[in-house]
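Taking it in order: structure first as structure tokens, then the write-up.
The values are calculated or read from the model by the stated rules, or taken from the named source; none is laboratory data. The shown structure was predicted, so the numbers you read here are calculated from the model rather than taken from an experiment. Cβ sites come from the backbone with ideal geometry, for glycine too, and all protein chains shown count toward neighbours. Side chains are part of the model used for accessible areas, which takes the heavy atoms of the whole protein and leaves out ligands, DNA and RNA. Shrake-Rupley method; radii C 1.70, N 1.55, O 1.52, S 1.80 Å.
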Amino acid sequence: MGAIKQEVEDVYASTERARYGYSSNGKQQERAMAMGAEEHGGGLDVGELIPGLPDDVAIECLARVPSRSHRRMRRVCRGWRGAVGSAEFSRRRRAAGAAEDIVFLVQAAPPAAGGDGKGSTPECALAAANLTTGEWRRVKGPVPLLAQCAAAGDGRHVAVVGGWDPDTLRPTTDVRVLDVPAGTWRCARPMPDTRSFFGCSGGGGCVYVAGGHDAAKNALRSAFAYAVAADAWRALPDMAEERDEPQLVAAPGGGGVIAASGYPTVAQGAFKKTAERYAAGGTGGAAWMDEGDMVPDAAETCLASVRGNVWAVGAGKGGVREWDGAWREVADGPPGVEKCVKAVGVGDGAAVFVFGAVADGAAGGSKYSAWVMEAGGGPWKRVPVPSGFGGFVYSAAAVLI
């Protein structure tokens with residue numbers, strides 16, 4: 001077991017870490033193989049994990065190893081592979097205070113070395129920002145331009161959905177699913193149709209897609225849900241309104257999603273304040289229900305699921321609000337942020353992560369910064385953004401590992 005065992009021993013005596021480290025310096029074949037490699041067991045039945053230690057103690061040791069080493073741990077032996085992929089392993093990590101909050105960002109990639117990016121087709125990449133350790137890294141694998149990403153809400157999967165092929169600049173139906181603990185990708189079943197600028201969110205093991213526009217620039221009312229475990233799409237009832245460029249956010253209480261804002265075909269760019277909620281199996285069956293004028297400052301506000309409710313995050317005084325049938329002011333927007341670009345709940349909704357534009361005095365324009373605020377109160381804390389990760393963010397998802 002070599003270096004991995006030594007790493008386990010090094011972290012065994014560690015105390016509970018701080019919650020966030022803000023100031024830290026052939027597709028069908030591929031799909032079948034990847035799905036067969038995932039473990040979804042609820043308990044542990046892996047034999048002796050570390051020679052000479054009771055399994056209960058051994059799993060406590062393994063649970064404290066940082067997530068960056070989990071992929072290597074899975075290669076040590078079958079027992080460790082099964083342990084790291086189990087629900088019990090995740091439970092022990094949370095109980096030990098060793099779980100890590102990772103935010104995934106589909107963002108504009110920096111120009112290739114030696115280029116200035118002018119006159120060339122922009123590219124996107126998937127970045128992973130570990131808010132607990134302060135580490136940022138690029139996740140290997142192609143990411144279509146303007147793709148959406150969403151966490152399935154199962155504690156392990158993030159889907160990258162749709163977008164434009166960077167060579168043809170045509171919409172793609174491709175879906176790729178990242179098993180975050182395993183660090184492996186699989187090609188999932190494609191979206192049922194092609195669409196651009198749709199809303200995307202996840203929860204309860206599903207990824208939801210709604211709205212956007214078709215090839216003729218007609219705003220859409222249609223919506224779909226993708227079940228990650230079953231690798232299957234199903235059509236949802238049509239929304240009541242056309243919504244191009246909507247925001248989707250997990251509905252309070254789980255089991256559904258809220259589609260907010262967006263605009264119809266006849267009013268390009270005129271973002272509306274209305275919203276509607278899809279509730280699977282609710283009263284009267286699965287349907288979209290009108291939420292009224294729910295979105296304040298529709299074109300300037302980012303929605304996120306935080307503390308079991310919908311939060312609206314914007315700039316300036318009173319920029320953060322919580323929806324519970326009516327808007328309640330929570331806090332001012334992040335310091336210096338002129339516009340919120342993307343917001344997402346982290347820590348299973350215990351905090352909110354914001355990526356926003358701030359003034360860049362040196363360049364005479366703007367640049368992007370990241371912030372986190374605990375849902376229970378307290379000041380905004382700046383998340384250092386390393387060089388090469390300051391590109392515009394098109395979508396965001398968060399997983400607690």
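Couple of notes before you dig in:
- When the residues of segment 164-184 are filtered to those that are assigned to a strand (DSSP E or B) and open to solvent by 40 Å² or more (accessible area, probe 1.4 Å), the one that is nearest to GLY153 (Cα to Cα) is ARG176.
- Candidate set from segment 244-259 (those that are at pLDDT 95 or above and more than 11 Å from VAL209 (Cα to Cα)); member that is nearest to the chain's Cα centre (by Cα): GLU245
- Among the residues of segment 294-313, those that are at pLDDT below 90 and out of contact with any Asp or Glu (no Cβ under 8 Å at 6 or more places or on another chain) comprise MET294, VAL295, PRO296, ASP297, ALA298, ALA299, GLU300, THR301, GLY308.
- Residues of segment 373-399 that are open to solvent by 20 Å² or more (accessible area, probe 1.4 Å) and not small (Gly, Ala, Ser): GLU374, PRO379, TRP380, LYS381, ARG382, PRO384, VAL385, PRO386, PHE389, PHE392, TYR394.
- Looking across segment 140-149, just one residue is assigned to a strand (DSSP E or B), crowded, with 21+ Cβ neighbours inside 10 Å and touching a Leu at 6+ places or on another chain (Cβ under 8 Å), and that is CYS149.
- Flag for THR274 being open to solvent by 40 Å² or more (accessible area, probe 1.4 Å), modelled with pLDDT under 95 and among the polar types (S, T, N, Q): no
- Annotation: of all residues in segment 64-83 being within 23 Å of the chain's Cα centre (by Cα) and part of a helix (DSSP H, G or I), the one that is farthest from ALA98 (Cα to Cα) is ARG71.
- ALA370 vs. criteria closer than 25 Å to ALA125 by Cβ, open to solvent by 10 Å² or more (accessible area, probe 1.4 Å), modelled with pLDDT of 90 or more and part of a strand (DSSP E or B): no
- Cβ-Cβ contacts under 8 Å between residues 6 or more apart (or on different chains), taken from a first residue in segment 163-187 that is more than 24 Å from ASN130 (Cβ to Cβ) to a second residue that is among the small types (Gly, Ala, Ser) and open to solvent by 30 Å² or more (accessible area, probe 1.4 Å), are listed as PRO171/ALA215.
- Cross-chain or 6+ apart pairs with Cβ under 6 Å, segment 307-329 first and part of a loop (DSSP other than H, G, I, E, B), then open to solvent by 30 Å² or more (accessible area, probe 1.4 Å) and polar (S, T, N, Q): ASP324/ASN309
- Residue match in segment 331-346 (condition: open to solvent by 40 Å² or more (accessible area, probe 1.4 Å), farther than 25 Å from VAL106 by Cβ, at pLDDT 90 or above and over 16 Å from the mean Cα position of the chain (by Cα)): yes
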